[in-house]
Amino acid sequence: MKEGWIGDDYLILFDDSEQAEITEGYKLETYLLGYRIKAILGWDDFIITNPAGDQWRVPAVPLAQKYLEKSEKTFQSDQLETDSSHAGKIKWYVQPIVFGGDPAAEENMIWIDLKSHQELVVWWNEKYRQLTGE
């Protein structure tokens, strides 16, 4: 795992050997069968790939087919500008935006580790599925 700034976005980039375990931790196969997580971009989105190698951007919540956007950007670890103040931290909205959370409200934002992020992404995606039937 490599992380740092790439332009205005913070990127957590997973190498090939980590992608299967990360994908499993987020239960991505439950929502988007056949895809693997390549990176977390800007703390809010995943960069994922399909078996053909095509790259997509999708919000962490909701992980749904209709929110997939083709991504042509390439991300290389040598492009990352490291920032020790953000290392090991992921920004999280206590109430995700899709559920009415305000991304500008300071009280709606916390910093968490990767394991907690996985747990929260799974929990909120299950809640989204229950409410929408998707």
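Being in contact with a strand residue (DSSP E or B) (Cβ under 7 Å, 6 or more places away or on another chain) and assigned to a loop (DSSP other than H, G, I, E, B) is the filter here, so list the residues in the range 99-112 that pass it. Answer for the range 99-112, where residues must be in contact with a strand residue (DSSP E or B) (Cβ under 7 Å, 6 or more places away or on another chain) and assigned to a loop (DSSP other than H, G, I, E, B): GLY101, PRO103.
Out of everything in the range 66-98 that is among the basic types (Lys, Arg) and assigned to a loop (DSSP other than H, G, I, E, B), what residue ends up being least open to solvent (accessible area, probe 1.4 Å)? Break it down stepwise before answering.
Start the filter on the range 66-98 by keeping residues that are among the basic types (Lys, Arg), which leaves 66, 70, 73, 89, 91.
Remaining after also requiring assigned to a loop (DSSP other than H, G, I, E, B): 73, 89.
Numbers: LYS73: 110, LYS89: 86 Å².
Among those that are among the basic types (Lys, Arg) and assigned to a loop (DSSP other than H, G, I, E, B), it is LYS89.
In the set (1) more than 25 Å from GLY133 (Cα to Cα); (2) among the acidic types (Asp, Glu); (3) part of a helix (DSSP H, G or I), GLU29 fails one condition alone, (1).
Looking only at the range 42-65, residues that are surrounded by fewer than 14 Cβ atoms within 10 Å (Cβ to Cβ) and acidic (Asp, Glu) come to 1 in all. Within the range 24-40, the set of residues being open to solvent by less than 60 Å² (accessible area, probe 1.4 Å), modelled with pLDDT of 95 or more and within 24 Å of ILE110 (Cβ to Cβ) comprises GLY25, TYR26, LEU28, ILE37, ALA39, ILE40.
The values are calculated or read from the model by the stated rules, or taken from the named source; none is laboratory data. Just so we're clear, the structure is a prediction, and the values are computed from it rather than from any experiment. Virtual Cβ from ideal backbone geometry, glycine too; neighbours counted across all protein chains shown. The accessibility values were calculated without ligands, DNA or RNA, using every heavy atom of the protein model including side chains. Shrake-Rupley method; radii C 1.70, N 1.55, O 1.52, S 1.80 Å.
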